Amino acid sequence: SEGVNGYTLTIDERNNQTETIAGTDIKLHAEFDGSLEKMVAAQNPFAWLGHVKQEEYTIGTMVAYDDAALESQIRNLSCLDPEKVVEPVNAKISEYVSGQGYSIEPEQEGTAVEAEKLTQAVTGAIENLQDHLSLEEADIYKKPTVLKDDASLAEQLDKMNKYAKMSVTYQFGDSTETLNGDQIHGWLIANADGSVSVDSSKVSEYVSEMAKAHNTSNKAKTLKTSYGSTIQVSGGTYGWKINQAAETEALAAIIASGESTTREPEYSQKGASRTGNDYGNTYVEINLTAQHLYFYVKGKLVVQSDFVSGNAAKGWSTPAGAYSITYKQRNATLKGQGYATPVSYWMPFNGGIGLHDANWRKTFGGTIYKTNGSHGCVNLPPAVAKTIYENISAGDPVLCYHLDGTESASTSGTKKDETAATTAAATT
């Protein structure tokens with residue numbers, strides 16, 4: 001009964017916080033059920049002479065309180081206030097740090113409690129007239145479910161660091177581009193089962209951007225013409241072109257392996273050079289305005305000649321642009337609507353348009369093409385076509401362009417004992 005008078009329960013919480021519940025707030029009072037009286041009445045007052053030791057009896061604390069008032073006091077404790085408590089945080093993989101990779105961030109205990117456990121502990125403490133209740137010792141606080149020494153978390157960390165610390169260096173001639181953890185880390189997906197996967201869409205986006213930066217097939221070519229002027233040759237398909245689907249698949253596999261490497265990307269087509277002009281120094285230069293071409297091999301002029309290109313009056317003009325020899329064939333028959341023409345040297349470079357001999361023509365160059373041109377091909381004197389055929393290979397570039405101020409009305413012809421081919425030393 002004395003314990004009830006002035007009773008206060010002090011609740012010890014984390015961060016050196018305390019709260020109290022006073023007995024008066026819950027109408028705490030002593031309440032006896034006659035247990036002591038029954039024990040005394042059961043004793044034999046004359047038996048004491050036979051006792052050689054003291055006997056002990058235990059009676060449970062007899063207290064009573066207002067249940068609703070206690071419930072209200074517990075409900076209003078700060079350790080249950082959602083605006084004040086801090087929920088526990090599981091251990092996790094840290095954010096990526098450039099040059100270092102990932103680490104494990106330890107769990108955080110927080111200050112949130114299990115409401116039901118709290119009610120039971122407070123009630124028990126009051127019924128036993130305890131003056132202190134430690135929530136820590138009573139195991140009331142919510143616990144993180146993933147700790148810093150979790151085995152699956154450690155395994156996931158190893159995998160993510162393996163990917164983030166690797167690098168893939170791409171070579172583009174004299175220049176390189178390196179893909180490393182600063183980009184790769186944003187592609188990693190940490191799965192719930194502890195595995196790590198790579199976001200294929202991110203890999204695809206990277207390859208697409210790399211193609212935009214390093215493809216040359218869709219870019220104009222700078223050409224110092226044989227006439228001395230420098231021009232831009234636009235159009236056509238010649239140049240380097242990354243096979244994006246194949247490279248995306250290859251890069252995803254490399255990242256999955258976790259092994260650093262140096263490589264060239266997968267190409268669907270290649271140019272002659274990654275240094276300077278992509279067409280290199282072996283190419284056919286075709287001036288559609290002058291109706292004259294030059295063929296260079298390793299920078300040396302092998303042959304130059306007049307030609308006849310597509311008939312402008314009929315809309316068959318030979319397109320300007322940078323192309324490549326698709327293949328070469330001896331003794332081919334060129335077929336189209338209303339014609340089938342046999343040629344000795346066939347070198348297509350733009351679909352059905354190509355270089356070939358035209359033994360049915362006796363003159364070349366000038367303005368013949370405007371009204372009496374071909375179906376789009378570049379008609380050459382037979383000897384010129386033969387020379388080009390014998391020195392050119394599939395994949396070699398063909399640069400077609402127009403150049404103001406170079407048109408000429410003069411033509412050149414062929415005879416049985418001579419050709420229109422003129423060879424000369426290279427002048428570039």
Residue identified as under 30 Å from Thr414 (Cβ atoms) and among the small types (Gly, Ala, Ser) among Ser226, Ser268, Ser260, Ser234:
Ser226
Scan the stretch 15-46 for residues that are out of contact with any Phe, Trp or Tyr (no Cβ under 7 Å at 6 or more places or on another chain) and not in a loop (DSSP other than H, G, I, E, B) and report the count.
18
Near pairs, Cβ below 9 angstrom, 6+ apart or cross-chain, from the stretch 372-397 (farther than 11 Å from Asn311 by Cα and open to solvent by 10 Å² or more (accessible area, probe 1.4 Å)) to any residue that is charged (D, E, K, R) and part of a loop (DSSP other than H, G, I, E, B):
Tyr389/Lys328; Ser393/Lys328; Ala394/Lys328; Gly395/Lys270
Go through Ala256, Ala213 for me and flag whichever is open to solvent by 20 Å² or more (accessible area, probe 1.4 Å) and over 23 Å from Gly99 (Cβ atoms).
Ala213
Has the stretch 181-194 got at least one residue that is surrounded by 14 or more Cβ atoms within 10 Å (Cβ to Cβ), touching a residue at least 60 places away in the same chain (Cβ under 8 Å) and in contact with a Pro (Cβ under 8 Å, 6 or more places away or on another chain)?
no
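Would you call Asn243 touching a helix residue (DSSP H, G or I) at 6+ places or on another chain (Cβ under 8 Å) and surrounded by 15 or more Cβ atoms within 10 Å (Cβ to Cβ)?
So Asn243 does not fit the description; no.
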State yes or no: is Val4 modelled with pLDDT of 80 or more, under 16 Å from Val113 (Cβ atoms) and either exposed (fewer than 15 other Cβ atoms within 10 Å of the Cβ) or not polar (S, T, N, Q) (or both)?
no
May I ask you to list the residues in the stretch 258-310 that are among the small types (Gly, Ala, Ser) and assigned to a loop (DSSP other than H, G, I, E, B)?
Gly258, Ser260, Gly271, Ala272, Ser273, Gly276, Gly280, Ala290, Gly299, Ser309
Of Thr326, Thr367, which residue is open to solvent by 40 Å² or more (accessible area, probe 1.4 Å), among the β-branched types (Val, Ile, Thr) and under 18 Å from Tyr279 (Cβ atoms)?
Thr326
Out of the residues in the stretch 94-111 meeting the condition of being in contact with a strand residue (DSSP E or B) (Cβ under 8 Å, 6 or more places away or on another chain) and open to solvent by 80 Å² or more (accessible area, probe 1.4 Å), tell me which one is farthest from Lys148 (Cα to Cα).
Glu109
Looking at the stretch 165-189, which of the residues that are hydrophobic (A, V, I, L, M, F, W, C), touching a helix residue (DSSP H, G or I) at 6+ places or on another chain (Cβ under 9 Å) and assigned to a strand (DSSP E or B) is nearest to Glu259 (Cα to Cα)?
Val168
Return a yes/no flag: does the stretch 92-110 have any residue that is touching a residue at least 12 places away in the same chain (Cβ under 8 Å) and either assigned to a helix (DSSP H, G or I) or farther than 30 Å from Ser195 by Cβ (or both).
no
What pairs come up if the first residue lies in the stretch 1-20 and is free of Cβ contacts under 8 Å to residues at least 12 places away in the same chain, the second is assigned to a strand (DSSP E or B), and their beta carbons are under 6 Å apart, counting only those six or more places apart or on different chains?
Thr18/Thr10; Thr18/Asp12
When you go through Glu266, Glu285 one by one, which is the residue that is out of contact with any helix residue (DSSP H, G or I) (no Cβ under 7 Å at 6 or more places or on another chain) and at pLDDT 95 or above?
Glu285
For Thr119, only one of the following conditions fails: (1) open to solvent by 20 Å² or more (accessible area, probe 1.4 Å); (2) without any contact (Cβ under 8 Å) to a residue 40 or more places away in the chain. What is its number?
(2)
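The values are calculated or read from the model by the stated rules, or taken from the named source; none is laboratory data. In this text the structure is predicted, and so the values were computed from the model without any measurement. Glycine gets a Cβ as well: all are built from the backbone with ideal geometry, and neighbour counts include every protein chain shown. Areas reflect the complete protein model, heavy atoms only, side chains present, ligands, DNA and RNA absent. Shrake-Rupley method; radii C 1.70, N 1.55, O 1.52, S 1.80 Å.
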